[in-house]
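The values are calculated or read from the model by the stated rules, or taken from the named source; none is laboratory data. Given the structure is predicted, the values throughout are model-derived calculations rather than measurements. Positions of Cβ are backbone-derived with ideal geometry, glycine not excepted, and every protein chain shown enters the neighbour counts. To get the accessible areas, we keep the full protein, side chains included, count just its heavy atoms, and leave off ligands, DNA and RNA. Shrake-Rupley method; radii C 1.70, N 1.55, O 1.52, S 1.80 Å.
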Amino acid sequence: MLTPIIAAVVSLIAGLFVGKAVFAKNTQKLEEEAIAKASDIVKTAELQAETIKKDRVLEAKEKFLKLRSEFEDDSNRKKQILIQNEQKLKERERQIQQSMDQAKQTMDQTKRLEADLASQKQSLTSKEDNLRKKTEEAEKKQLQAEEMLASQVAQLEKIAGLSAADAKQQLIDALRGEAETKASSMIKNAIEEAKLTATKEAKKVVIETIQRTAAENAIENCVSVFNIESDDVKGKIIGREGRNIRALEAATGVEFIVDDTPEAIIISGFDPVRREIARLSLHRLVQDGRIHPARIEEVVAKTKKNIDDEIVEIGERTVIDLGIHGLHPELIKMIGRMRFRSSYGQNLLQHSREVAKLCATMAAELGLNAKLAKRAGLLHDIGKVWHEEAELPHAILGMQLAEKYKENAEVCNAIGAHHDEIEMTSMISPIIQVCDAISGSRPGARREMMESYMRRLKELEELAVGFSGVQKCYAIQAGRELRVLVDAENVSDEKASMISYDISQKIEKEMQYPGQIKVTVIREMRAVNYAK
């Protein structure tokens, strides 16, 4: 029993000795490795320290060189300033020396002048004595002469039977009459010569102004032609039983004439804005291919908005071209609207641009404010394009609009006075009036019947709009037909017939017109719902 135990103990003791030996060996190995690592770390640290030391030395040297360079630059700059100051000091000393020399010379001259003055004073004293003596002698002679004159006058009065005062008055009256006669003749000649010169100069200014302003003569008409690629499109435009063309005419207020004219549709209407809206709308509908009443109304509405934007763009482009700045946006919009209006057949925007250029040239020739004259010339007819109805002459309305939008007082007066509705208060006003007449009197620029023709069409439309239940009214076919759109909910078929009759009777009583006018009342009932 004891033998295995003893063997086990002996084995345990032997294992302990072997483990201790192995542990000691491993420990010695670890110590050697640690010593080697420590030695490497020390060497690395020494190398890094040496590198850092070298870097610090280099930095110190660079800093030293930089400071030395700055010190030398500063020293050189101060030395240069010192040299400059020394030069200035020397220059100042030289100037002072020159001043002293000049002062010395001046003192010498002063002494010489004092000596001369003393001698002159003595001479003057002697001359005064001589003069006093001569004056006394002259006074004595004058007294003697007066006594002789008085005695002669007394003898003349005794001989002539007139006193000296009466003779003097007669002489004055005679000379005055002669002078008045000569003066009247001279004044008359001067006035005639001034009139002749003024007339020549005025003609010269007007002729030079007209020659320097180049403008085209163009007359607006009341018809637009819309070209189409083929006559097959005409059927689409007319629509089933003419519903498309009726919708177009109702939405735009113009007449579409679809006849045998090859590849063309005539758009008739006196309002250029309506004709342009109709032309553009028809162009878009033909391009799109979808032509029906709902689409027509949608396209016409969009076209009207686009025309409004185009009007603003035309106004802005016009004022930029003419070099006019600071106009109110509403005035710019009115200027753009002139493009679609006419005056006696002459395009209103073209006429206003021409008047503006003429005014600027004439004002410059006369030495007046050319920019102000150009501004007034461009705005002189804005009363014709005001969108609201007003019972005022266009010149007065234009003046009120200019005042509303804070225009210059001279510009406002020129606008209001260019047709003599108000008194002219500035030199620009007659220039506007003259240039307006020049622009309108160019050969072929205007057609006098156009204004009265357009006025008659407007009066025709306004007459029909006054009836109850009437929504819109359009004069078409050059005023030979009046189309009236009524409210279907408030106007029955019987009442529509009565409205047509009443309008025709009122036209017969109140208007003068050639031929006959066809009155067409249109009552259209629509039922609209939406599927959601």
Q: Could you look through segment 483-511, keep only residues that are touching a residue at least 40 places away in the same chain (Cβ under 8 Å) and open to solvent by 40 Å² or more (accessible area, probe 1.4 Å), and pick out the one that is farthest from V465 (Cα to Cα)?
A: E510
Q. Which of the residues belonging to segment 239-277 are touching a helix residue (DSSP H, G or I) at 6+ places or on another chain (Cβ under 9 Å) and of a type in the set (K, R)?
A. R243, R246, R274, R275
Q) Can you spot a residue in segment 363-371 that is within 16 Å of the chain's Cα centre (by Cα), more than 29 Å from P272 (Cα to Cα), among the hydrophobic types (A, V, I, L, M, F, W, C) and at pLDDT 85 or above? A) yes
Q: Would you point out the residue of segment 321-376, among those that are under 22 Å from Y405 (Cβ atoms) and assigned to a loop (DSSP other than H, G, I, E, B), that is most open to solvent (accessible area, probe 1.4 Å)?
A: H325
Q: Sort out which residues of segment 383-430 are of a type outside the set (A, V, I, L, M, F, W, C), outside any loop (DSSP other than H, G, I, E, B) and open to solvent by less than 50 Å² (accessible area, probe 1.4 Å), and write them in order of number.
A: G383, H394, G398, N413, G416, S429, P430
**Q.** segment 221-257, residues that are surrounded by fewer than 18 Cβ atoms within 10 Å (Cβ to Cβ) and modelled with pLDDT under 65
**A.** N221, V223
**Q.** Matching residues, segment 457-476, being assigned to a helix (DSSP H, G or I), farther than 13 Å from G253 by Cα and open to solvent by 50 Å² or more (accessible area, probe 1.4 Å)
**A.** E459, E462, V465
